[in-house]
Amino acid sequence: MKTSALLLSIKSLQTHFVKREGIVKAVVDVDLNIHQGETLGLVGESGSGKTVMALSIVKLVPRPGRIVSGTVEYKGRNITNLSEKEMSRIRGKDIGIILQDPGTALNPVMPVGEQISEVIRTHFSMKRKEAKQKTYELMRKVQLPNVEYIYKAYAHQLSGGLKQRILIAIALACRPSLLIADEPTTALDVSIQSQILSLLKDLKKEFTISLLLITHDLSIVSEMADRVAVMYAGRIVEQAAVYDLFTNPIHPYTKALLNAVPKIDFSHSERSGSIAPLEGRVPDMMNLPHGCTFHPRCPIGDESCQKDYPGKTFLDNGRYVTCFKSGV
Amino acid sequence: MVLGSMIILTILSPLITRYDPNAQVEPALSRYQSPSWEHWFGTDQFGRDVFSRVLFGGRISLIIAVSVVFLSVMIGVCYGAVSGYFGGLVDQILMRFVDLFLSFPVIFLVVTCMALFGSGISLLIVVLTLTGWLDIARLIRAEVNALKQRPFILKARAAGLRTLRIIGRHLIPNVVITMIAIAVIRVADIILIETALSFIGLGVQPPTASWGSVINDGRLVLTSAWWVTLFPGMAIILTTMSLYVIGDGIKALHH
């Protein structure tokens, strides 16, 4: 898997929001690689910059946000300085995106099927009828029942799970090679969640796409991802293969995250059932602590952590950590 | 209901009345006849049938109002949608332009235009459209500005849709209800403006009848031949009232 070609490469990306009250550094110095066919999980608390990160890739950061520096290379081509027109050719066609909250992501006054077929017709010159057939096909692929009926339905007539399937169909309409899924299951019931996840898994195999899965749910990551990047206050603090990260977390934040999740694991009796909540809260993004941004909440940090932000310590298997104290 | 019958009556006016609205029948005898079976609303100073003048006049008034509103809504919606969607500098420039033109007093502008280019129904439509689309553009801009923050617009952009398509197929259809509500009320406003202009002699020119000009005809003889002013006045009140009620109804439905 590690040998497969590089699809997306993000290099020292910075996205800032310049406001009257100050600058919010939503994405700071992020490096991230996604290989062909791989699933990269991006985890972090709410407000850690995951969504802005995803929007930065396709240059859709809302004002007053702006990519300040860094590059995003897609298939070896720098896409950060493309014009809006060139960018719109990549969006939807090469990179599909599923946004948070299916409840509001569909146009309320346009039949949902139309919203799929218009994407197909935007990127391929295709007749209305042909695009409609394609849409039916796609709707069956995302396991929607009664496709002719649902095609004509409006968003308010559909349940959350159905809407999410429609949005997946929209994102996959032009067979992109990268799918960015931003909290694809957060707004859904648990039973629907697992359906959507297994659907994503199947589609990923069938369409041979790479997946950037953004979530705050570690169980989803452990189930879906090949590699995981942990984000805190706009930075990636640890990146590792999924197995390494879950069996041997190194960064104190990663450790804290894993400890904050209840485990159903009867073999390690001393760990099961004990939830250790992470003390403190996500720092004010306008007023970040000096040095390592995690030090006020860190159990092992000391004064030396308050001077500089730690550099990356590279380990084997493509893993890296940014911490002075984790003993590596 | 009232509005519907008013529209039907004016559209079918040639079938309903027996009299040509401009025909002057035996002037000496038939001037200022009070309402009777012959002439339901009486006759005016030239012996013309007021009933048929009100119907034909309504036709003119409604044609003017509807075309003005249609045109100004078209312009206003496109302009407002573009301004609202792009935001930033484009929005600033487009909206300052609107502000500039909104600061012109409408009646004064119309009077000037009429004085410069003469008067006529088509000129009246043009002038009222030019002054009427501005605040529609402003309202639509505000709606679109709020609408573009909604996730489905981000989804449309993330799917790589073209800007024109996003504006035309995703933004404008979502402001249609506001658009209709504005349009309906605006028809009533334009009827009143047109009436006022025709009343002071700047709108529809004699002998063509419009509600305003018919009222104008009866102005001098209000105390003796009240029917000449009363009936077109009633027509105006009923029409504009029902338009306002309908417009409010649509707004209430929306919220």
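Report the normalised scattering of the stretch B:93-141 as log10 I(q)/I(0) at q = 0.30 Å⁻¹, calculated by the Debye formula with identical scatterers on the alpha carbons. Calculated log10 I(q)/I(0) at the listed q: -1.10. The three principal axes of the Cα atoms in the stretch B:41-254 give end-to-end lengths of 70, 39, 21 Å, sorted in falling order.
Here the dipole of the protein assembly as shown is about 1260 debye; that uses its Cα centre as origin and unit charges on the Cβ of Lys and Arg (positive) and Asp and Glu (negative).
Site pair A:A260 and B:T223 shows an inter-label distance of 8.8 nm when each label is modelled 7 Å from Cα along Cα→Cβ.
Computed across the stretch A:173-241, the Kirkwood hydrodynamic radius from all distinct Cα-Cα pairs reaches 13.0 Å. Extension gain, B:N145-B:V90: 0.36 nm per intervening residue step, less the Cα-Cα distance, totals 18.5 nm.
Other protein chain C-beta atoms within 10 Å of residue C-beta, averaged over A:84-94: 3. Taken along its three principal axes, the alpha carbon spread of the stretch B:53-178 comes to 57, 32, 19 Å, from the longest extent down to the shortest. Placing a label point 7 Å from the Cα of A:T247 along the Cα-to-Cβ line, the residues of the stretch A:289-328 whose backbone N sits under 18 Å from it are A:315-320. Neighbouring Cβ atoms from other chains, within 10 Å of the Cβ of residues in A:105-112, number 5 on average. Applying both filters, DSSP loop and at most 13 other Cβ atoms within 10 Å, to the trypsin sites (Lys or Arg not before Pro) of the stretch A:37-142 gives A:K127.
Calculated FRET efficiency, A:T208 to A:E73, Cβ-Cβ distance, R0 = 22 Å: about 0.65 to the nearest 0.05.
Of the residues A:G37, A:I23, B:L139, the one whose Cα sits farthest towards the positive end of the charge dipole of the protein assembly as shown is A:G37 (charges of +1 on Lys and Arg Cβ, -1 on Asp and Glu Cβ, taken about the Cα centre). The simple Förster model, with R0 at 25 Å and r as the Cβ-Cβ distance, assigns A:Q157 and B:D248 a FRET efficiency of 0.30. Note on B:L123 and B:I200: the extension gain reaches 26.1 nm, defined as 0.36 nm multiplied by sequence separation minus the Cα-Cα distance. Helices in chain A, meaning DSSP H runs of at least 4 residues, each add -39500 (n - 2.57). Divided by all residues, the mean residue ellipticity at 222 nm is -9000 deg cm²/dmol. Sites count as exposed loop sites when they are GluC sites (Glu not before Pro), lie in a DSSP loop, and have at most 14 other Cβ atoms within 10 angstrom; the longest stretch of chain A without one is A:22-269.
When you have a sec, figure out the Kirkwood radius of chain A from all distinct Cα pair distances and drop it here in Å to one decimal?
About 20.9 Å for chain A.
Normalising the average separation of contacting C-alpha pairs (under 8 angstrom, six or more residues apart) by the number of residues puts the relative contact order of the stretch B:41-254 at 31 percent. D by Stokes-Einstein for the stretch A:106-175, Kirkwood Rh over Cα pairs, 10 °C, 1.306 mPa s: 136 µm²/s.
Between B:T112 and A:E279, the FRET efficiency estimated from the beta carbon spacing at R0 = 51 angstrom works out to 0.10.
The charge dipole of chain A, taken about its Cα centre with unit charges on the Cβ of Lys, Arg, Asp and Glu (plus for the first two, minus for the last two), comes to roughly 1220 debye. Residues whose amide H falls under 5 Å from that of A:A187, counting only those 5 or more places apart or on a different chain, are A:D101, with hydrogens built in the peptide plane. For A:R235, the amide hydrogen comes within under 5 Å of the amide hydrogens of A:V28, counting only partners 5 or more places away or on other chains and with H modelled in the peptide plane.
Using every pair of distinct Cα positions in the protein assembly as shown, the Kirkwood expression returns a hydrodynamic radius of 28.6 angstrom.
In terms of its Cα atoms, the stretch A:45-94 spans 31, 22, 21 Å along the principal axes, sorted from long to short. With the simple spin-label model, which puts each label point 7 Å out from Cα in the Cβ direction, the B:S103 to A:F124 separation comes to 5.5 nm. Roughly how many whole Å is it from the C-alpha centroid of the stretch B:231-254 to that of the stretch A:210-246? The distance from the Cα centre of the stretch B:231-254 to that of the stretch A:210-246 comes to 61 Å.
Amide H contacts of A:I10 (H built 1.01 Å from N, in plane; Pro and chain starts excluded): A:L32, A:N33, A:I34, A:E73 sit under 5 Å, all sequence-distant by 5 or more or on other chains.
Every number in this text was worked out from the coordinates using simple rules, so none of it is lab data. Just so it is clear, the model here is predicted, and its values are computed rather than measured. Note that each Cβ is placed from the backbone with ideal geometry, even for glycine, and that neighbours are counted across all protein chains shown.
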